[in-house]
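> Provided herewith is a single structure, encoded as structure tokens, for subsequent inquiry.
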Amino acid sequence: MKDQNDFFDEMIDVDDEAEPEEFLDEDGEFGDEEDDEEDDDGSTVVRTAVLQKQDMLALLSVKASPDGGQIVRFDPRQRLPSMQRYESEQEALKWYTRSLATSRKNGWAVVYDGTPLIG
């Protein structure tokens, strides 16, 4: 492995060659309106980590429900955020935890890890 950060990409199976349009809806925005309205019953787990390394900030976020989950990563060294979908809530949370542990091992400090803050 040439770069320690490649390990993170392999762990969550990041496709750096993906076209930006794969992640955008018709309006050119990430996600879709259905995601905002689904699972208001509290069964959805949303967790975000803000990481810092030297003068860089990165985000790692998971949204998981009984129907599945997804992890979104914003790395300042990459041009676009990356997203990986998972079949189950447990699988998404497992990979979020592993990705966070790998980031710590690679020198990233966790500044915040919890539910997204509003305001």
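Throughout, read-outs are computed from the coordinates displayed, never taken from laboratory work. Everything quoted here is computed from the prediction, not taken from an experiment. Methodologically, a virtual Cβ is constructed for each residue, glycine included, from the backbone with ideal geometry; neighbour enumeration extends over all protein chains shown.
> Give me the number: length gained by fully extending Met56 to Thr97, i.e. 0.36 nm times residue separation minus the C-alpha to C-alpha distance, one decimal in nm.
The span from Met56 to Thr97 would gain 12.7 nm if fully extended.
> Would you calculate the separation in nanometres between label points at Asn106 and Leu80, each defined as 7 Å from the Cα along the Cα-to-beta-carbon direction?
So the two model labels end up 2.0 nm from each other.
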